[in-house]
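Working notes, structure below.
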Amino acid sequence: MEESSPAGMPRIDRPGISNRPAEEIEGMDDKGGSWGDYPLDDLLIRHESRTVHGVMRRIDQSSYIMDPEFQRDFIWPEDKQSKLIESVIMRIPLPVFYMAEDERGHMVVVDGLQRLSTFQRFIKNELKLKLADRNELNGKRFSDLPPKIQNRVEDCNLIFYIIDSKVPECARLDIFDRVNSGVPLTRQQMRNSLFMGRATRFLKEESRTPVFLNATGGSLNQAKMRDREFVNRFCAFQLLRVKDYRGDMDEFLAKCLRVMNQDDTPLDRLSAEFRRGLANNFRLFEGHAFRKHDKDQERRNVINASLWDVMSTGLSHYEESRVAANSERIRDAVYRLLNTEEFKTAITAGTNNILKVKTRFDLAATALQEAMA
């Protein structure tokens, strides 16, 4: 995918890396559902017991997804890894592991990645034990241990709780959030591990382009994948359209990623539409793109996710030359829209509500169509 920027658009100094502090986000419902919303018998979580040897074999076969991008930097120090191996050798029971099953039957590690990574490193002789109080183990690799101790490690039983792929997406993410004992994750980080493939690569690539960084002002947190979440939102409303939205944004964004992971989904065309929408918005509103503001306003407000939804998709359908030719009419139409109470409410409060979503898309589409007439 070739990168491009509209004429006159300033470039970010370091493409792919935002050098501005991340801002707050408006117009975005970012909370999970109430646990009372889930039927008691429908969460479909099963448990299994597997040996370390069996788990390592599945990891080697790529049945277990071990390297979610958001967790790669969080590695235990070797003394902590060594303590885990010592616990196994001493037959001390380990905490349970949590996995999420995807539609292909692969297991995504929800909680326990560091422990599984430690077993993997040790059995592959990549970890030398640091146990100063145990001379018989200190400085030893797996291959240095007597067969009896090697067998004790490989035969250790691990208990897994597995979240079924049929569990509703919002419930899966809520469970994911509740049981994860490591660094707190955003819902987009969770989606990134559950749907790794063409879709997540697309989100990453598009969130690093100069046109995206300029249009968003570099204000979306990359570490928390807020930037990719905004790309995900565009793709969902562009591919699935508003009529497919059923009030659950988590499910909607996940459904989009499933579609994008299919080989017949034309991602090159989606990329071109996305970049055209960004370029058109920046050409019209520059640093105020996707932010509530008035004409001639100097102070920049925070980015608004709901305004992003309607404007990024809305202006993706018009060629840049046509937008340039009607720029004043479009700006006036958008400013009138932003001063309409019905539209302001639809992009500010309860934004995941079906009626609010339909309202803001209908009003924005009408305003743009009239401006282009």
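Every read-out reported here was derived from the displayed coordinates using simple, explicitly stated rules and does not represent laboratory data. Every value quoted in this text rests on a predicted model; they were computed, and no experiment measured them. Neighbour counts run over all protein chains shown; Cβ positions are idealised from the backbone, glycine included.
Considering only GluC sites (Glu not before Pro) in DSSP loops that have at most 15 other Cβ atoms within 10 Å, the longest stretch of the chain without any of them is 137-297.
The mean of 1/r over all pairs of different alpha-carbon atoms in region 306-373, once inverted, gives a Kirkwood hydrodynamic radius of 12.1 Å.
Among the listed pairs K224/K358; K292/K344; K80/K224, those with a Cα-Cα distance over 18 Å are K224/K358; K80/K224. Given a cut-off of 32 Å, name the pairs among K295/K356; K128/K204; K83/K255 whose C-alpha atoms lie farther apart than that in the structure shown. Listed pairs above 32 Å: K128/K204; K83/K255. Taking a ≥ b ≥ c as the square roots of the eigenvalues of the alpha carbon gyration tensor, region 230-325 is oblate, as a/c is not under 1.5 and a/b does not beat b/c.
Distance from the alpha carbon centroid of region 120-188 to that of region 306-334 works out to 51 angstrom.
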